[in-house]
1. Build a GNM of the chain with springs between Cα atoms under 10 Å: which of 172, 106, 150 gets the top mean-square fluctuation?
2. Taking amide hydrogens as modeled 1.01 Å from N in the peptide plane, which residues meet the under 5 Å criterion relative to residue 163, leaving out close sequence neighbours?
3. Among 79, 67, 168, determine the one that fluctuates most according to a GNM of the chain built with springs between C-alpha atoms less than 10 Å apart.
4. In whole Hz and in residue order, list the ³J(HN,Hα) couplings for segment 77-83 that follow from phi through the Karplus curve 6.51 cos²θ - 1.76 cosθ + 1.60, θ = phi - 60°; x for Gly and Pro.
5. Once amide H atoms are built 1.01 Å from N in the peptide plane, which residues 5 or more positions from residue 74, or in another chain, come under 5 Å H to H?
6. If I take all pairs of Cα atoms in segment 1-109, what percentage of them are more than 16 Å from each other?
7. What do you get for Rg/Rh over the chain if you use C-alpha atoms and the Kirkwood form of Rh?
8. Using a Förster distance of 41 Å, how high is the FRET efficiency between residue 170 and residue 85, based on the Cβ-Cβ distance and rounded to 0.05?
Amino acid sequence: MDALQAAPLGGQFTFRGRTYTRQKNDSSTPFRAYDESGRRVHLGPLEERAFWAWATIEFLQHTGVRIEEVLEASHHALIQYKLPTSGEVVPPLQVAPSKTDEERLLLVSPELADVLSTITARVRGPRTGAIPMLPSYDVAERIWNPPMPLLFQWTYGGQRTPVSRQLIRNGLNEVLERTWLTDSAGQPLGFAPHDS
């Protein structure tokens, strides 16, 4: 995205050994370019999916929660707890009840804190600095949750919306495809709905 924005309208830029041409006019669809064969590439959605795939992988790795719990994580889930013995303040992450119907508190590691900080910086409103409050649909319960400052939210079609399970699955599969990893039978790894 930085290379695209640094290039003049209609100008060329190189990223990872490939040359792209920035579109001549940014008024209708910004972040569009053309690859060497003249095929149009929408870099904005690609960058969004790549970011949320990274954020999901990191969040899952450092917490061990399920995707449903990732998508329900809100800024309100980041709390501070003062240890009674030492007085030290530690940052736990509150995980809302889901299949187990039990709320959990997970200690935030420095690595997870970095991920949460990056996500928070990305979703904050540019004018207010606040994380927008969004309603979300609970697929399992089949109800709408009240508006919350969800951590996993993005702008889609010009509108703020919660990140969907499908976006997460697509992003994770794109990452797996680019790693060239295979299973024990030599087949490319894939991410299936039951993995969430």
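Where a number appears in this text, it was derived from the coordinates with a stated rule and is not lab data. Note that the coordinates shown come from a computational prediction; the quantities given were computed from them, not determined experimentally. Here the Cβ is made from the backbone with ideal geometry for all residues, glycine too, and neighbour counts use every protein chain on show.
1. 106
2. 153, 154
3. 79
4. Working through the residues one at a time gives 6, 8, 10, 10, 10, 9, 5 Hz.
5. Close amide H contacts, sequence-distant or interchain: 151.
6. The proportion of pairs with Cα distances above 16 Å equals 69 percent.
7. We get a ratio of 1.02 for the chain.
8. Plugging the Cβ-Cβ distance into 1/(1 + (r/R0)^6) gives 0.35.
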